[in-house]
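S.K.: Here you go, one structure.
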Amino acid sequence: MTVATKKVSAASARAHTRKHTPSSSSSGTFKKLSLVLLVASAALTYQAIQPPPPRICGSPNGPPIASTRIKLKDGRHLAYLESGVPKEQAKHKIIFIHGFDSCRYDAMQISSQVLEEFGIYYLSFDRPGYGESDPHPKKSAKSIAFDIEELADQLGLGPKFYVVGFSMGGEIVWSCLKYIPHRLAGAALLAPVANYWWDGFPSNLSKEAYNQQLPQDKWAVGVAHYAPWLTYWWNTRKWFPGSSVIAVRFDIFSDEDKKILPKLAARGPYMAQIRQQGEFESLHRDMMVGFGSWDFSPMNLTNPFPNNEGSIHLWHGARDLIVPVSLSRYICEKLPWVHYHELPTAGHMFPAADGMADVIVKELLTKD
Ligand SMILES: *[C@@H]1O[C@H](CO)[C@@H](O)[C@H](O)[C@H]1NC(C)=O
């Protein structure tokens, strides 16, 4: 039964009570009956919208732990993956922040020549709730920045490191610029997701960008923002479409993206790990935070490098059909200290295009 029909049946039960009141005792019975119906339908509704508990890695019925992990101060674990040159010898340390429905293996592929030439230690990690990192029920736009700082400190990365984030990971780079700017050597945002409800967007602009989404995504994103408690239910019902990004519909990819898609076949061996702890703590909570109410807006940030101690870059494809370019364009107009690179023919997946990761890293490490 749907929520709507449950409400109707409870209401008609009440109406029924009013119409037929032959005697006070049967009226009492009807009242009791309608109360029982009301409570039962509320309980059923509540049960239907509750996500199941997550399957925590390493718990008795949970997935096994195969990665290296750190234990954060609050007891949660973060799984990570190191590559490039050993950190003791590295000239630069880069932390990659993966996007939606992804994990530590989805870090953009920097070539071994560039890793060697620039002396890069490259660190990737599973964001909370993905892969082998424990879920974080209190996850927020703020908490993730401090998770990253703690990861860097526990692994001994030293005072400064770079952050590079793709898509929803790019959105998180704004959190790093807000909460841990003093720890950053530089930052790159790749096709970053923008939150339509951030302060500072002209309403016609955010409305236009919002309306560029498929109708099902307008709904999914709207639910994540206005009724986050309904997000699990909304995205798991089978009789209407939830987020198209969760369902991976082909028509959300541009022509250039479609050329890159065959490369994603390499994700096969670890795809099953990504959501293994449950879709709620991975995908749905990601949407609830990404499109929730933020306590700051990127458009109000100040330049963390007033003396050019580092640089901040944002790349966005003009033909991105998943994350509208218009919002990135606008933010970069407001923040002249962000180097904006608009790629005229690229879609959303450009960081996976041949050679692009090297271009991004060279720009990040050499520009001031
Ligand atoms: C929004 O309105 C402003 C001012 O009226 C206008 O300059 C701008 O082009 C509009 N933007 C969009 C995306 O419609």
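Each value in this text was obtained by applying a stated rule to the coordinates, not by laboratory testing. Model, not experiment: these values are computed from the prediction. As a convention, Cβ positions derive from the backbone with ideal geometry for all residues, glycine included, and neighbour counts pool all protein chains shown.
S.K.: List the trypsin sites (Lys or Arg not before Pro) within segment 119-225 that DSSP assigns to loop and that have no more than 11 neighbouring Cβ atoms inside 10 Å.
M.R.: Answer in residue order: Lys138.
S.K.: Moving to a separate point now. Would you kindly state the longest site-free stretch of the chain, with sites defined as GluC sites (Glu not before Pro) in a DSSP loop (not H, G, I, E, B) surrounded by at most 16 other Cβ atoms within 10 Å?
M.R.: Counting at most 16 other Cβ atoms within 10 Å as exposed, the longest clean stretch of the chain is 89-308.
S.K.: Pairs of Cα atoms under 8 Å, at least six residues apart: use those to get the relative contact order of the chain, whole percent.
M.R.: Value for the chain: 18 percent.
S.K.: Pop the C-beta distance of Lys259 and Lys218 into the FRET formula with R0 = 41 Å and round what comes out to the nearest 0.05.
M.R.: The computed FRET efficiency comes out at 0.90.
S.K.: Mind jotting down a quarter of the surface of the convex hull over the alpha carbons of segment 68-366, in square nanometres, one decimal?
M.R.: About 14.5 nm², averaged over all directions.
S.K.: Determine which residues of segment 267-302 fall in the zone a paramagnetic label at Ile65 would reach in this model, i.e. backbone nitrogen under 18 Å from the point 7 Å along Cα→Cβ.
M.R.: In segment 267-302, the label zone of Ile65 (backbone N under 18 Å from the point 7 Å along Cα→Cβ) covers 273-274, 276-278.
S.K.: In addition: Evaluate segment 150-238: find the radius of gyration of its Cα atoms, find its Kirkwood radius, and give the ratio Rg to Rh.
M.R.: So for segment 150-238, dividing Rg by the Kirkwood Rh gives 1.09.
S.K.: Continuing with the same structure: Multiply the residue gap between His182 and Thr366 by 0.36 nm, knock off their C-alpha separation, and tell me the result in nm, one decimal place.
M.R.: 64.3 nm
S.K.: Continuing with the same structure: Show that you can apply the helix-only estimate: for the chain, add -39,500 (n - 2.57) for every DSSP H stretch of four or more residues, divide by all residues, and state [θ] at 222 nm to the nearest 500.
M.R.: Helix contribution divided over all residues of the chain: -11500 deg cm²/dmol.
S.K.: Take each uninterrupted DSSP H stretch in the chain, measure its Cα extent along the helix axis, and return the ones at 20 Å or beyond whose mean Kyte-Doolittle hydropathy is at least 0.5.
M.R.: 24-49
S.K.: What is the spin-label model distance, in nm, from Asn303 to Ala42 if the labels are put 7 Å beyond Cα along the C-beta direction?
M.R.: The two pseudo-label positions are separated by 5.7 nm.
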